[in-house]
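The values are calculated or read from the model by the stated rules, or taken from the named source; none is laboratory data. In this text, all values refer to a predicted model and were calculated from it rather than measured experimentally. Here the Cβ positions follow ideal geometry from the backbone for every residue, glycine too, while neighbour counts run over all protein chains shown.
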Amino acid sequence: MGIIRLEHVFKRYDDGYVAVQDANLTIEDGEFLVLVGPSGCGKSTTLRMIAGLESISDGDVYIDGDRVNNREPGDRDIAMVFQNYALYPHMTVRANMGFGLKMRGVNDNIIEERVKDAASILSLEDLLDRRPKEMSGGQRQRVAVGRAIVRQPAAFLFDEPLSNLDAKLRVQMRTELSRLHQRLGTTTVYVTHDQVEAMTLGHRIVVMNKGVIQQVDTPLALYHQPVNRFVAGFIGSPAMNFIRGLVGEGNFRAGEFTLSLPSEVTRGAVTLGIRPEDLLLAEASSSHEFSVRVDVIERMGNETIGYFDFDGQSLVARLAGDVALSPGTMTALAIRDANWHLFEAGDEGARIASGHAERHPR
């Protein structure tokens with residue numbers, strides 16, 4: 001069992017700064033849960049409170065039903081993998097992976113068996129007699145993961161483990177971590193600032209901002225039903241477009257653009273959200289179209305990323321294939337299948353209505 005529960009957890013520092021505010025969260029046995037958010041949002045602090053590396057100002061943390069607030073990190077039955085690998089440079093891979101068990105007095109034969117099993121899972125068999133300086137960053141990170149595996153803990157805690165790797169290695173390690181979780185089924189809590197990592201790895205994702213949990217849900221639910229503008233803008237790459245405007249007489253208006261809204265939407269200042277893949281070049285029969293000026297065109301081969309100016313507001317569109325657009329010219333965009341979200345005004349305005357996107361599967 002590896003159920004982790006946070007109840008009204010706060011982290012306050014002596015200078016009065018509140019890093020985590022009233023966090024309530026249950027991580028189920030065998031779940032892969034990702035904490036994501038911008039730098040300083042409190043995600044790593046939350047992980048470190050679970051691990052026992054940060055004290056808890058208020059609230060309680062439970063692991064398998066036991067309150068662990070005052071329990072030492074080594075007594076919490078968790079294994080943590082850090083961003084900087086934290087390997088002993090003078091030890092071989094074999095010694096690094098088995099060191100934690102050796103310090104706990106585990107029998108040498110058991111240590112050797114567990115190290116061999118972990119090395120087999122992570123394809124490290126040929127590296128067991130090397131030292132960290134003789135390996136690549138990806139290999140060292142696999143050793144750090146192997147050291148966690150041999151512990152056979154109730155939960156793995158990962159603190160931005162891939163941020164020191166190059167782009168290709170990060171994609172490779174994401175795949176390896178997914179396979180590892182499928183094989184072991186151990187409860188995993190994973191911290192990252194990279195929303196692509198979050199979307200591809202997590203069974204559920206916790207989106208945090210300014211120490212507050214904004215939304216906890218599956219990746220697709222976060223993508224299609226964000227609770228507020230912050231979540232909508234953080235999840236998705238390129239990020240969601242936001243257009244400031246006004247609601248009146250059942251319509252959203254921004255410049256020349258008008259969009260019919262459900263009757264329950266009240267008057268006032270609002271923000272319209274449209275994902276880049278839901279913007280397309282307007283055709284003669286397009287509805288919800290509006291004129292834009294082309295700023296920058298990025299040709300990727302399979303798609304074109306277009307940056308546009310609409311009435312002083314920046315928009316980005318993900319367009320299929322190679323399109324004939326030139327910077328400085330005017331063109332017209334339309335909204336695909338009326339996919340849009342409407343938010344209250346403000347950086348964290350709540351979602352108040354949606355178009356066709358509501359009918360996407362969770």
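Can you tell me which residue within the range 80-94, out of those that are closer than 20 Å to Leu165 by Cβ and of a type outside the set (Phe, Trp, Tyr), is surrounded by the most Cβ atoms within 10 Å (Cβ to Cβ)? For the range 80-94, the residue satisfying everything is Val93.
Report yes if Phe230 is closer than 30 Å to Thr304 by Cβ, surrounded by 19 or more Cβ atoms within 10 Å (Cβ to Cβ), outside the structural domain of Asp159 (by TED's automatic domain parsing) and touching an Asp or Glu at 6+ places or on another chain (Cβ under 6 Å), otherwise no. It is true that Phe230 is closer than 30 Å to Thr304 by Cβ, surrounded by 19 or more Cβ atoms within 10 Å (Cβ to Cβ), outside the structural domain of Asp159 (by TED's automatic domain parsing) and touching an Asp or Glu at 6+ places or on another chain (Cβ under 6 Å).
Conditions tested, residue by residue: (1) within 22 Å of Leu87 (Cα to Cα); (2) more than 20 Å from the chain's Cα centre (by Cα); (3) surrounded by fewer than 20 Cβ atoms within 10 Å (Cβ to Cβ).
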position	(1), (2), (3)
Lys116	yes, yes, yes
Ser136	yes, yes, yes
Arg147	yes, yes, no
Gln152	yes, yes, yes
Asp159	yes, no, no
Val189	yes, no, no
His193	no, no, yes
Glu197	no, no, no
Arg204	no, no, yes
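For Leu259, the stated conditions hold: it is assigned to a strand (DSSP E or B), closer than 19 Å to Ala334 by Cα and in contact with a His (Cβ under 8 Å, 6 or more places away or on another chain).
Is it the case that the range 179-196 has a residue that's among the hydrophobic types (A, V, I, L, M, F, W, C), within 30 Å of Asp347 (Cα to Cα) and free of Cβ contacts under 8 Å to residues at least 40 places away in the same chain? No, the range 179-196 contains no residue that is among the hydrophobic types (A, V, I, L, M, F, W, C), within 30 Å of Asp347 (Cα to Cα) and free of Cβ contacts under 8 Å to residues at least 40 places away in the same chain. Quick check, is Leu333 under 17 Å from His356 (Cα atoms), at pLDDT below 95 and part of a strand (DSSP E or B)? Answer is no for this residue.
If you scan the range 13-39, which residues turn out to be loosely packed, with under 13 Cβ neighbours inside 10 Å and assigned to a strand (DSSP E or B)? Within the range 13-39, Asn24 is the sole residue that qualifies.
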